[in-house]
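What follows is a single structure, written as structure tokens, with notes after it.
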Amino acid sequence: MLELGILFACLSALAANLGFFYKHRGANEAPEIDIRRLVRTGLSLWKSRWFAIGMLMGGVGWVFHTLALAVAPLSVVQVVLAGGIVLVAVLADRVFGIPVGRRQWAGLALTAVGLALLVLAMPAVHTAHSTFRVAVLALFEGGLIAIGILLVLGGQHQRGAHLRGALLGAAGGILFGVCNVAVKATTGVLDVGGTILTPWVAVAISASIAAYFVSARSLQEGTAVEVIAITSTAANVVGILGGLIVFGDPIATDPLGIAVQTIAMAMVLVAAALMPAPRVAVDGRVVGHLP
């Protein structure tokens, strides 16, 4: 079952990344997401053929992700998705003709290696491992939602205007992660004979709706590679932390494992700083991105 979960995770990574690029193209053809007219501007995105295709691909990716979560530990699924981040640069460069700068290539590589090392340094797990404590899950999800809100607000501030796409992308990724953790919790409830009508289903649905709007706005504000990579990284980090904190996935306790995981987290943080493309300044004003 573990091997099947890894296969599903690989297919999820491919479909999700393709979907993000199509959504980026479609989102930039549609009116900007307006918080005062969320329904109207949100639905207007679907008038773009590319955005609709992207949502379809994203839906396929989500199905594969859910199947992976049902048969494999959350941390194992996330390490596969982490490696899939490299696909962002490959797809951008080879399929969509979007130039990828050297620092972004470096950022993507650091992200993939860092996230992979973070999970590979953990002791081996061979079950789906879906048990959790309700209070821990509630605090974890609530804290992440609060962080997501702060990132959205930070992107609205004038001082953070040049990082708006990246900040909104991080917020969208966190909300996607909240949804994924809630889905994992639901599979755990079903494993012990419970009903699908749990509060975690409501959390998953609410988080996915919020992520839809925030992610779409981030794709309108930032460049494709930086926003997609940051969104995926944030979702992966939330998934890994969820596996450790909520579902009790084992963590390294030996000195070597701790050192590897510490270095891995540092790599992810450095990679996040590399992902936003350099800006061009004219007369003291930021006016665009360097290739």
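Rule-based calculations on the coordinates, nothing more; no lab input. These numbers come from a predicted model, not from an experiment. Positions of Cβ are backbone-derived with ideal geometry, glycine not excepted, and every protein chain shown enters the neighbour counts.
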Residue by residue through the stretch 97-109, the couplings from Karplus 6.51 cos²θ - 1.76 cosθ + 1.60 with θ = phi - 60°, in Hz, x for Gly and Pro, are x, 9, x, 10, x, 4, 5, 6, 4, 5, x, 5, 5
Going residue by residue through the stretch 8-25, the Karplus relation 6.51 cos²θ - 1.76 cosθ + 1.60 with θ = phi - 60° gives ³J(HN,Hα) values, rounded to whole Hz and with x marking Gly or Pro, of 4, 5, 4, 5, 5, 4, 5, 5, 5, 5, 4, x, 4, 5, 5, 5, 4, 5
Heads up, the stretch 144-269 by the C-alpha gyration tensor (a ≥ b ≥ c square roots of eigenvalues; a/c under 1.5 rounded, else a/b over b/c prolate, else oblate) looks oblate
Each label sits 7 Å from Cα toward the beta-carbon; between Val39 and Ala106 the label points are separated, in nm, by 4.9 nm
Note to self: C-alpha centroids of the stretch 1-67 and the stretch 70-118 sit apart, in Å, by 17 Å
Karplus-derived 3J(HN,Hα) from phi for the stretch 215-230 (6.51 cos²θ - 1.76 cosθ + 1.60, θ = phi - 60°), whole Hz, x at Gly and Pro, runs 5, 4, 5, 5, 5, 7, 8, x, 6, 4, 5, 5, 5, 5, 5, 5
Rounded to one decimal in nm, the spacing of the 7 Å Cα→Cβ label points at Ala266 and Ala202 is 4.4 nm
